[in-house]
Amino acid sequence: MSKPMIAKGDKFPLFNYLDRKAGEFVKISLNDEMKGKKVLIFGLPGAFTPTCSSKQLPGYESLHNKFVELGVQNIYCTSVNDPFTMNAWFDINDVQNVRSLPDGNGDLAQSLGMFVSKRNLNFGMRSWRYAILVDGDTSTVIEVFAEPEKRDMADDDSYVVSTPEAVLKWLQANPQN
């Protein structure tokens, strides 16, 4: 049985991850990086996949400044991919503002209740598509923008609720958050 999906008001889990910086593995505490900031984390099924590469990552990158104007200090993109894959994907797409959050083992996706099987697409276990707004001071989830009907072995891949435009619209309508 899978873990329930994280919800508004929940505590964001502790998460440490490995990334590659200057050719070396570096252990990073996401919670320490979030301290004192409002943070947006968006999860997607995979680097180099169609919707993720043509819409989601470039959308958050191009709207980065609009998110900053609304108080979001950092935007992270996470996927169940290793640091080499995530960094190559960011390099190829010339991503400068969104931060890479590799989740190669799926630990973050599991702890958020966003881990799904995509074996039918030869992907193995992956992240469901979502965005989460977090208050880094309290590690409290401000809002969750998860695509509906989270399920294993989905043939379709909804992309409505977690789009940068939808999240931006919510932030504009809820400026106190």
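The values are calculated or read from the model by the stated rules, or taken from the named source; none is laboratory data. Being a predicted model, the structure only gives us computed values, none of them experimental. All Cβ positions, glycine included, derive from the backbone under ideal geometry; neighbour counts span all protein chains shown. Heads up: the accessible areas ignore ligands, DNA and RNA and are worked out on the full protein's heavy atoms, side chains in. Shrake-Rupley method; radii C 1.70, N 1.55, O 1.52, S 1.80 Å.
Summary of values
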| item | result |
| --- | --- |
| Enumeration of residues in the stretch 120-137 that are among the aliphatic types (A, V, I, L, M) and not in a helix (DSSP H, G or I) | M125, A131, I132, L133, V134 |
| Matching residues, the stretch 125-138, being open to solvent by 20 Å² or more (accessible area, probe 1.4 Å) and either among the small types (G, A, S) or over 19 Å from L40 (Cα atoms) (or both) | M125, R126 |
| Residue check for G36: at positive phi, surrounded by fewer than 19 Cβ atoms within 10 Å (Cβ to Cβ) and either touching a strand residue (DSSP E or B) at 6+ places or on another chain (Cβ under 7 Å) or not in a loop (DSSP other than H, G, I, E, B) (or both) | no |
| Test for L30: is it of a type in the set (A, V, I, L, M, F, W, C), over 24 Å from L121 (Cβ atoms) and surrounded by fewer than 17 Cβ atoms within 10 Å (Cβ to Cβ) | no |
| Hits in the stretch 1-19 - residues which are over 30 Å from E149 (Cβ atoms) and buried (at least 16 other Cβ atoms within 10 Å of the Cβ) | D19 |
| Qualifying residue in the stretch 146-160 (condition: over 15 Å from L30 (Cβ atoms), under 16 Å from the mean Cα position of the chain (by Cα), open to solvent by less than 60 Å² (accessible area, probe 1.4 Å) and polar (S, T, N, Q)) | yes |
